[in-house]
1. Within segment 144-167, take every residue that is under 17 Å from the mean Cα position of the chain (by Cα) and among the aliphatic types (A, V, I, L, M) and give me the one that is nearest to Tyr58 (Cα to Cα).
2. Can you go through Leu50, Leu101 and tell me which one is at pLDDT 95 or above, surrounded by 18 or more Cβ atoms within 10 Å (Cβ to Cβ), not small (Gly, Ala, Ser) and not in a strand (DSSP E or B)?
3. Looking only at segment 65-79, which residues are in a strand (DSSP E or B) and out of contact with any Asp or Glu (no Cβ under 8 Å at 6 or more places or on another chain)?
4. Which condition number in (1) more than 23 Å from Tyr129 (Cα to Cα); (2) crowded, with 18+ Cβ neighbours inside 10 Å is the one that Ala21 fails?
5. Out of Gly117, Gly111, I need the residue that is at pLDDT 95 or above and in a loop (DSSP other than H, G, I, E, B). Which one?
6. Go through the residues of segment 125-143 one by one and say whether even a single one is more than 20 Å from Phe159 (Cα to Cα), surrounded by fewer than 16 Cβ atoms within 10 Å (Cβ to Cβ) and either free of Cβ contacts under 8 Å to residues at least 40 places away in the same chain or under 14 Å from the mean Cα position of the chain (by Cα) (or both).
7. Regarding segment 88-98, can at least one residue be identified that is of a type in the set (Lys, Arg), under 14 Å from the mean Cα position of the chain (by Cα), under 27 Å from Tyr129 (Cα atoms) and assigned to a helix (DSSP H, G or I)?
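The values are calculated or read from the model by the stated rules, or taken from the named source; none is laboratory data. Please read these numbers as outputs of a predicted model, since none were measured by experiment. Every residue, glycine among them, receives a Cβ derived from its backbone with ideal geometry; neighbour counts consider all protein chains shown.
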Amino acid sequence: MELIKQYFPDLTAEQTGQLEALGPLYKEWNEKINVISRKDIEHLYKHHVLHSLALAKYLDLADGSTVLDAGTGGGFPGIPLAILFPNVQFTLVDATAKKILVVNEVAKTIGLKNVTGIHARMESHKGAYDLVTSRAVTTLTQMIAWTKHLNPGGHWIIFKGGVAADFRKELPPQFKVTAVPVRDYFQDDYFKDKFLVDISRKK
């Protein structure tokens, strides 16, 4: 948690309490349902919470806006972002029912009113969102194919590891692609090959 406070010194008491609660909650749930790898659970705050919050450093989400976290798994990046942006509505979707069970229970336990967890495949989910985000789920091409019907404004921010030049090559020219190094925000070797890939349809 000290790592989170280092980069986000202006957290409210409520936000601090919610973030502090994630450690014991995820450890407890992970013993019942494996939503985070066993070796990674000890690094929850750096590898999952802080990584998720890179989006908050990059983009200030507007109050009242709607965000879809596609293939959320155990709730990342959606739950940490929902803590930081209490006036933004987050919908967390995953095709694995037990993961959505964890998402909804964690959100309820820490008092998050702006999170809805839904068990569904992305292709069959219905809705319209201002932003689609996702973390380490699939290729950029596949994620856009799965979620374009949910994204009328055509804006995605995808968490990806790899080489920045490859992201541009993966998508056709009608998309604008910007790869933002997470190391721009968090000076730690863990983030050295991790990016926020900002994708939008060219006007």
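1. So in segment 144-167, the residues under 17 Å from the mean Cα position of the chain (by Cα) come out as 144, 146-147, 150-151, 155-161.
With among the aliphatic types (A, V, I, L, M) added as a condition, the list becomes 144, 150, 157-158.
Values: Ile144: 21, Leu150: 22, Ile157: 10, Ile158: 12 Å.
The selected residue is Ile157.
2. Numbers: Leu101 fails: surrounded by 18 or more Cβ atoms within 10 Å (Cβ to Cβ).
After applying the criteria, what remains is Leu50.
3. Initially, segment 65-79 is screened for residues in a strand (DSSP E or B), giving 66-70.
Across segment 65-79, the qualifying residues are Leu68, Asp69, Ala70.
4. (2)
5. Details: Gly117 fails: in a loop (DSSP other than H, G, I, E, B).
Just a single option satisfies the conditions, and that option is Gly111.
6. Looking through segment 125-143, at least one residue is more than 20 Å from Phe159 (Cα to Cα), surrounded by fewer than 16 Cβ atoms within 10 Å (Cβ to Cβ) and either free of Cβ contacts under 8 Å to residues at least 40 places away in the same chain or under 14 Å from the mean Cα position of the chain (by Cα) (or both).
7. Applying the first criterion (of a type in the set (Lys, Arg)) to segment 88-98 yields 98.
Going one step further and asking which of them are under 14 Å from the mean Cα position of the chain (by Cα), we end up with none.
No: segment 88-98 contains no residue that is of a type in the set (Lys, Arg), under 14 Å from the mean Cα position of the chain (by Cα), under 27 Å from Tyr129 (Cα atoms) and assigned to a helix (DSSP H, G or I).
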